[in-house]
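Structure record follows, encoded as C-alpha cells.
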Amino acid sequence: MNRGGVHEFIFGLEDGSQDEWLQFWELLGFRPVQSGQLGAADAGRLYGHASELASVRLRHSGCAAHDTGAVRLHFWKSLRNEGLARARPIVTGSRWMGIYTRDILQVLDSFEADQKRGRWKLWMSPLVAAPLAKPAPEHGWAQPFVGLRELLVFSDRFRLAFIQRAGFDRPGFGTFDSTLPYHNTEGSHANVVQPDNAFSTAFYKKMFGLETAPFGEPHDSGEEAPTIAALDLQPGETFHVERTRAPDCPTGLLQVYSSYMPGRDLRDLSRAGSGNLCLYSFRVSDVEALGRRIQSAGQEVALADDEFGAPSACFNAPDGYQWLACQHVD
C-alpha cells in the first residue's frame with residue numbers, strides 16, 4: 001500500500017559535482033540527511049544503468065508534514081545520457097518539479113542575474129498570472145488580482161516550476177519555510193506528460209491508490225493565454241490533464257498530461273541514469289507485494305536494495321515512465 005504522495009524527486013548528476021549542487025539545493029532549504037552508494041553491477045540491477053552511483057537524500061523542513069517532496073541526488077560515474085535538459089514542458093517524457101514560494105519576483109531576479117553572468121543556460125517561461133475565478137474578473141487598485149503567478153525554469157540539471165498564490169490561500173501544496181531566501185515549500189507536485197492522445201491515470205490509481213485531487217478533475221486545457229505562455233505551447237496545441245493525490249495527503253501530488261498534438265518522444269531521456277530530473281519515488285508498506293501486483297499487470301519489475309539499503313522496486317508504468325518504490329520503515 002502506498003504511504004503518501006510523491007516522496008522524492010530524483011536528479012541525475014555527474015560524479016564530482018556534489019559541492020555545486022548541494023549548495024544550489026540548500027538555498028531552497030533542502031539539506032542532506034542520508035548518503036549511500038551502489039556499485040555498477042548493483043546499480044544496473046535496480047536502475048537499469050550499470051555505473052557506479054553515489055547518492056544523497058535531501059529534505060526540506062516541509063517534508064516533515066507528510067514525508068513528501070524530498071530530493072534525491074544521483075551522482076553517476078557515467079551518465080546514461082544528458083537527459084531532458086531544457087526541453088519544452090508539454091512533450092512526451094517531460095518531467096518537472098513544482099515548488100510554491102512566497103516571493104516569486106526574488107526567484108526571477110536571481111535566475112535572470114545568474115543567466116546574465118553566464119552561470120547557466122536557462123529556458124525560463126514568462127512570469128504569468130492566472131486568475132483564480134473564471135471568467136476572470138477585472139482587477140486593479142480597487143480590486144487586487146486573485147490567482148496564481150507561475151515561473152518555469154529549466155536548465156541542463158534542474159526543471160522547476162515556482163508558483164505563488166496571490167490574494168488567497170489554500171491548505172496543502174507544501175509547507176512554507178519563511179527562514180529561506182525564497183520562502184519556499186518542499187516539492188509540492190510532480191508532472192508527467194504521456195504520449196499524445198493516450199491519457200490515462202488508471203495505473204497510478206490502482207497501483208499507488210491515488211485519487212483525483214480536489215479542483216484537479218480531468219479536463220482539457222491550453223487555450224488560456226497564461227497557460228500557453230507558461231507551458232510554451234505551439235499554436236493550436238491543447239492537452240488533457242488531471243491532478244491526482246494520495247488520500248488525505250494534500251501535497252506530493254502527481255499531475256498527468258497528454259497533448260492532443262503529435263510531438264517528440266523523450267522518454268529515453270527521462271530514466272534513471274539520465275541527467276536532470278529523471279525519476280520519482282513513492283514509499284510503500286510492502287515493496288514485494290507491489291512488485292507482484294505490477295508484474296501481474298504485465299510490467300517488468302527490478303527488486304533490490306537501493307543505495308540507502310532500503311528494499312526497492314524500479315519499474316516502468318504502462319505510459320513508459322520509470323518509477324521507484326521504496327520500502328517504508330516506521
Check: Within the group Gly291, Gly309, which residue is in a loop (DSSP other than H, G, I, E, B) and not charged (D, E, K, R)?
Finding: Gly309
Margin query: Residues to consider are Val33, Val71; find the one that is over 17 Å from Ala325 (Cβ atoms), of a type in the set (A, V, I, L, M) and crowded, with 19+ Cβ neighbours inside 10 Å.
Written below: Val71
Check: Out of Val33, Val6, Val71, which single residue is assigned to a strand (DSSP E or B) and either of a type in the set (Lys, Arg) or closer than 24 Å to Glu150 by Cβ (or both)?
Finding: Val71
Next item on the list: Taking the options Ala50, Ala43, name whichever one is touching a strand residue (DSSP E or B) at 6+ places or on another chain (Cβ under 8 Å) and of a type in the set (Gly, Ala, Ser).
Entry: Ala43
Margin query: Which count do you get for residues in the range 211-258 that are on the phi > 0 side of the Ramachandran plot and out of contact with any Lys or Arg (no Cβ under 7 Å at 6 or more places or on another chain)?
Written below: 5
Margin query: Quick test for you: out of Gln194, Gln143, Gln234, pick the one residue that is over 23 Å from His60 (Cα atoms) and surrounded by 15 or more Cβ atoms within 10 Å (Cβ to Cβ).
Written below: Gln194
Note to self: Conditions first: (1) more than 18 Å from Arg95 (Cα to Cα); (2) part of a loop (DSSP other than H, G, I, E, B). Met207 passes all but one, so which condition is the exception?
What the structure shows: (2)
Next item on the list: Output the number of the condition that Ser178 fails; it satisfies all remaining conditions of (1) closer than 16 Å to Gly29 by Cα; (2) surrounded by fewer than 19 Cβ atoms within 10 Å (Cβ to Cβ); (3) among the small types (Gly, Ala, Ser); (4) touching an Asp or Glu at 6+ places or on another chain (Cβ under 9 Å).
Entry: (4)
Notebook entry, point to check: Do the conditions hold for Leu105, that is, is it modelled with pLDDT of 95 or more, within 17 Å of Leu28 (Cβ to Cβ), in a strand (DSSP E or B) and out of contact with any Gly (no Cβ under 6 Å at 6 or more places or on another chain)?
Noted result: no
Next item on the list: Quickly run through the range 36-68 and pick out the residues that are out of contact with any helix residue (DSSP H, G or I) (no Cβ under 6 Å at 6 or more places or on another chain), surrounded by 20 or more Cβ atoms within 10 Å (Cβ to Cβ) and aliphatic (A, V, I, L, M).
Entry: Leu38, Ala43, Leu46, Val56
Checklist line | Gly216 over 24 Å from Val71 (Cβ atoms) and without any contact (Cβ under 8 Å) to a residue 60 or more places away in the chain | finding: no
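Does Gly83 satisfy the condition of being crowded, with 23+ Cβ neighbours inside 10 Å and either more than 30 Å from Pro171 (Cβ to Cβ) or free of Cβ contacts under 8 Å to residues at least 24 places away in the same chain (or both)?
Details: crowded, with 23+ Cβ neighbours inside 10 Å: yes; either more than 30 Å from Pro171 (Cβ to Cβ) or free of Cβ contacts under 8 Å to residues at least 24 places away in the same chain (or both): yes.
Here the answer is yes, as Gly83 does meet what is asked.
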Item checked: Filter pass, Trp120 being in the same structural domain as Leu279 (by TED's automatic domain parsing) and of a type in the set (Phe, Trp, Tyr) -> no
Check: How many of the residues making up the range 1-25 are more than 30 Å from Ala213 (Cα to Cα) and either of a type in the set (D, E, K, R) or in contact with a Pro (Cβ under 6 Å, 6 or more places away or on another chain) (or both)?
Finding: 4
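Is it true that some residue in the range 213-234 is within 30 Å of Ala41 (Cα to Cα), part of a strand (DSSP E or B) and at pLDDT 95 or above?
Step one: filter the range 213-234 for residues within 30 Å of Ala41 (Cα to Cα), giving none.
No, every residue in the range 213-234 fails to be within 30 Å of Ala41 (Cα to Cα), part of a strand (DSSP E or B) and at pLDDT 95 or above.
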Check: Taking only pairs six or more apart or across chains, which ones have beta-carbon atoms under 8 Å, a first residue in the range 230-253 that is within 21 Å of Asn197 (Cα to Cα), and a second residue that is of a type in the set (Lys, Arg) and surrounded by fewer than 22 Cβ atoms within 10 Å (Cβ to Cβ)?
Finding: Leu231/Arg88; Asp232/Arg88; Thr244/Lys205
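The values are calculated or read from the model by the stated rules, or taken from the named source; none is laboratory data. Worth saying up front: this structure is predicted, and the values here are computed from it rather than measured. A quick note on method: Cβ atoms are made from the backbone with ideal geometry, for glycine too, and the neighbour counts reach across all protein chains shown.
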